[in-house]
Amino acid sequence: MLATLGKDPFDDPAWIYEIKWDGYRAVAEIGKSTVNLYSRNGVSFTKKFAPIAEALTAFDTPMVLDGEVVVPDENGKADFQQLQHYDENPDIAIYYYVFDILELKGKSLRDKTVIERKEILRTLIPEDGIIKYCDHVEGTGKAFFKVAVENDLEGIIAKRADSKYYEGKRTPDWLKIKHQNTDEAIICGFTPPKGGRKYFGSLVLGIHDKNGELKHAGNVGTGFTDHTLKQLHDQLKKLETGQSPFKSKVAGLGPVTWVQPKLVCNIKFTEWTSATSFRHPVFLGLREDLDASQIKRPTAMTKKEAEKKSTEKPTKTKAEPKEKTVATKKATTPKKSGAAKKQEEGDVQRTIGGKKVELSNLNKVYWPDEGITKGDVIDYYESISKWILPYLKDRPESLRRNPNGIKDEGFFHKDAGENAPDWVETFIVHSESGNKDIDYIVCNNLPTLLYMNNLGCIEINPWFSTTKKQENPTYMVMDLDPSDNNTFEDVITTALVVKEILDSAGAACYCKTSGASGLHIYVPLGNKYTYEQSKQFGEIIAQLTVDRLPELTTILRPLNQRKGRLYVDFLQNRRGQTLACAYSLRPKAGGTVSTPLEWDEVKRGLHPSQFTMFNIKERVEKKGDLFKAVLGKGIDLEKCLEKLIG
């Protein structure tokens, strides 16, 4: 049974809600002496995920189970890319989360309600082991979805509590409500590599429309490791063909090696464009468990639409029905010309310093309550560029992207990918944890800054070190992070104690608002010391602060150990960690900006909400750049430590 795409989370006592796992859907058939584990289109997983199959043999009752095979990352979150390469690293943890039971002792349970089936299932799954019972909550979909968002999960599944199991059908009785935009696409070809990349540049994607015709859905050129590039290229070479699988010619693709449209991949993206393409796609992995003929763009339903449609109960058949497109007001609107649509959405091309910068959807509202648009964000950064660019120069950028505005949690994106213009400077850093090279954007000029803004970068997050001295940070930072129990007066009190300690050590320090709820205190190091030395110095300052304010502050990182105290975070001082830089906008109410302060301003009555995109330019023109010394010579760390600890 398959889920229909849902639009928004909702509360209803007639519905239950489960985690949407980012893994492989798998059915387990358990006999008296045999176990079969397979995908929804019949691909065997029995050998591929042998530990799960072996664990299922311990069940002494014949049954048929439905669930998801998942590999967790170090934080316990499902990691689809690690699951992709499980056969290369079979020692990592793997689990089978079971959320339904179809048969028990040869008797079908499909006509029972999902609640009845899950009650039966709960009694059959042991509490420990790699076979897990997938629990649910009842009625409270909005709160459950919020938890999923806070934990950066893919989303939730909403199920009518009285729903029966319709095998092979996509019904509105089950709705998948996504936090992250992910979908499947068909690989139709690949472009030549460029720069330092090998094997191919990007994948040409396709998806079936409602009439079953294969349509171009854009290209994806980021999300690949060196190993993935080679492995995928080897598979694609076997499928090469001289003919495009698209009926209509696709303009602007350049040279393409076409392949038979058989491989399905998983894509993370920001939104669908008006041309029905993925916007800013990132490759997540292949979906060997899916048939390319089934891949079509889903149509999202509201709860009301789902309940109306669910009255038309489907018959039991293994053939997936043809999906109907839900009519919307937009569908009845007369088509606009391409030029008119671009003008309406605010699409422009600007030439800055000889670089052509494409700016799109400038009229898109990023702050619904304030009416601040994407165009306003770009105008702000252009107006403040001469002050912010020194803090970005020669630094790898971790792109925090909020392409749907501040109401969306957004996501971090590090790899520049094939879609970046040729004039955007990049810097390759090898990631030990991901065992891959990451092509970071380096923002040294206004065109690159505006390119990043156009990607949805409301917030700008540079590394603490530069490409020239990537192991040596320019500064050490103390991040004062209040709990919900703290007031901003508590933050100010803590900041002044940190300053007293640094003053006693002879260490110059500079303060700025975080632009959210805290303060950042910077100590210039002049790229003379390592990250480890910087972190150790920060830890000493943090511990001395907690010694003075034990009831108010803590250096314990886990939320459940902070006990309502303000967290003095020194662990930001590690390679690759980032904070919003000076003069960066934050995706917070009011359009707040991370703003450098004079220490005389750090007193009762101060609040980050005072500094917004509407008054920062005037402030910096009047006061000058209060943070300039952060990029200067730096302290003598040895002398400071001698003063502190002898």
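Each reported figure results from applying straightforward, stated rules to the coordinates on display, with no laboratory input. Fair warning: this is a prediction, and the values are worked out from it, not measured in the lab. For neighbour counting, all protein chains shown are included, and Cβ atoms are generated from backbone atoms with ideal geometry for every residue, glycine included.
How fast does the stretch 1-54 diffuse by Stokes-Einstein, in µm²/s, taking the Kirkwood radius from C-alpha pairs at 10 °C and 1.306 mPa s? D, rounded to a whole number, is 115 µm²/s.
Ordering Ser360, Ser248, Ser514 by Cα displacement along the dipole of the chain toward the positive end leaves Ser248 in first place; charges were set at the Cβ atoms of Lys, Arg (+1) and Asp, Glu (-1). Dividing the mean sequence gap of close Cα pairs (under 8 Å, 6+ apart) by how many residues the stretch 519-646 holds gives a relative contact order of 29 percent. Computed over the alpha-carbon atoms, the stretch 127-206 gives an Rg to Rh ratio of 1.15, Rh here being the Kirkwood radius from the mean inverse distance.
The protection proxy used here, the mean number of other Cβ atoms lying within 10 Å of each residue, ranks peptides 572-580, 72-80 as follows, highest first: 572-580, 72-80.
Annotation: Cα Rg of the stretch 168-220 relative to the compact-globule expectation 2.2 N^0.38 Å equals 1.57.
Run lengths n ≥ 4 of DSSP H only: what is the helix-derived mean residue ellipticity at 222 nm for the chain, with -39500 (n - 2.57) per run over all residues, to the nearest 500? Helices in the chain give a 222 nm mean residue ellipticity of -6500 deg cm²/dmol. Sequence-distant contacts, meaning Cα pairs under 8 Å at least 6 residues apart, place the relative contact order of the chain at 10 percent. Centroid-to-centroid, using Cα positions, the stretch 450-519 and the stretch 151-202 are 37 Å apart. Shape summary of the stretch 530-646, radius of gyration then Dmax from alpha carbon positions: 16.8, 47 Å.
Note on the stretch 80-133: along the principal axes its Cα atoms extend 40, 21, 20 Å, ordered by decreasing extent. The overall shape of the chain, judged from the alpha-carbon gyration tensor, is prolate: a/c is not under 1.5, and a/b is greater than b/c. Rounded to two decimals, the Cα radius of gyration of the stretch 594-644 over 2.2 N^0.38 Å is 1.52. From the alpha carbon centroid of the stretch 520-572 to that of the stretch 116-133 is 44 Å. Normalised by 2.2 N^0.38 Å, with N the number of residues, the alpha-carbon radius of gyration of the stretch 2-120 equals 1.14. For Lys247, the lysines whose Cα comes closer than 23 Å to its Cα, not counting residues fewer than 8 places off in the same chain, are Lys210, Lys215, Lys237, Lys238, Lys262, Lys296, Lys322, Lys324, Lys335.
When only the Cβ of Lys, Arg, Asp and Glu is charged (+1, +1, -1, -1), the dipole of the chain relative to its Cα centre reaches about 2140 debye. Run the numbers on the stretch 32-109 and let me know its relative contact order in percent, using alpha-carbon pairs under 8 Å that are six or more apart. Here the relative contact order equals 31 percent.
Dipole of the stretch 89-148 computed with +1 at Lys/Arg Cβ and -1 at Asp/Glu Cβ about the Cα centre; of Ile94, Ile131, Ala148, farthest Cα towards the positive end is Ala148. Near the amide H of Glu271, within less than 5 Å, lie the amide hydrogens of Arg279, all on another chain or at least 5 residues away, with H placed in the peptide plane.
Note on the chain: antiparallel DSSP beta bridges, both residues inside, total approximately 90 percent of the bridges counted. Once the convex hull of all Cα atoms in the stretch 454-603 is built, its volume per residue stands at 124 Å³. The shape of the stretch 440-494 can be summarised by an equivalent ellipsoid whose semi-axes, obtained from the alpha carbon gyration tensor, come to 30, 19, 8 Å from longest to shortest. Work out the P(r) tail for the stretch 377-462: percent of alpha carbon pairs separated by more than 14 Å, whole number. So the portion of pairs separated by more than 14 Å is 62 percent. A simple packing score, the average count of other Cβ atoms within 10 Å per residue, orders the peptides 616-629, 375-388 as 375-388, 616-629, with the highest score first.
Going 7 Å from the Cα of Lys469 toward and past its Cβ, which residues in the stretch 539-577 have a backbone nitrogen under 19 Å from where you end up? Only 573-577 fall inside the zone, counting backbone N under 19 Å.
May I ask which of Lys528/Lys633; Lys20/Lys159; Lys355/Lys468; Lys178/Lys303; Lys304/Lys364 have a Cα-Cα span longer than 18 Å here? Too far apart for the 18 Å limit: Lys355/Lys468; Lys304/Lys364. All other residues whose Cβ lies under 14 angstrom from that of Lys622 are scored, Lys and Arg at +1 and Asp and Glu at -1, for a net of -2. A quarter of the convex hull surface defined by the alpha-carbon atoms of the stretch 102-148 gives 4.5 nm² as the mean projection. In whole Å, how far is the Cα centre of the stretch 39-59 from that of the stretch 603-643? Rounded to whole Å, the Cα centres lie 58 Å apart. The residues packed around Gly129, meaning those with a beta-carbon under 15 Å from its beta-carbon, carry a net charge of -2 if Lys and Arg are +1 and Asp and Glu are -1.
Note that the stretch 254-260 has calculated 3J(HN,Hα) couplings of x, x, 9, 8, 7, 10, 4 Hz, one per residue in order, obtained from phi through the Karplus relation 6.51 cos²θ - 1.76 cosθ + 1.60 (θ = phi - 60°); glycine and proline are x. Each Lys or Arg adds one and each Asp or Glu takes one away; over the other residues whose Cβ falls under 13 Å from the Cβ of Leu399, this sums to 0. In terms of overall dimensions, the C-alpha atoms belonging to the stretch 188-263 reach 38, 24, 23 Å along their principal axes, ordered largest to smallest. The calculated FRET efficiency for Asp226 paired with Leu559, based on their beta-carbon distance and R0 = 51 Å, is about 0.90.
Long hydrophobic helices in the chain: none of the complete DSSP H runs spans 27 Å or more by Cα along its own axis with mean Kyte-Doolittle hydropathy of at least 0.5.
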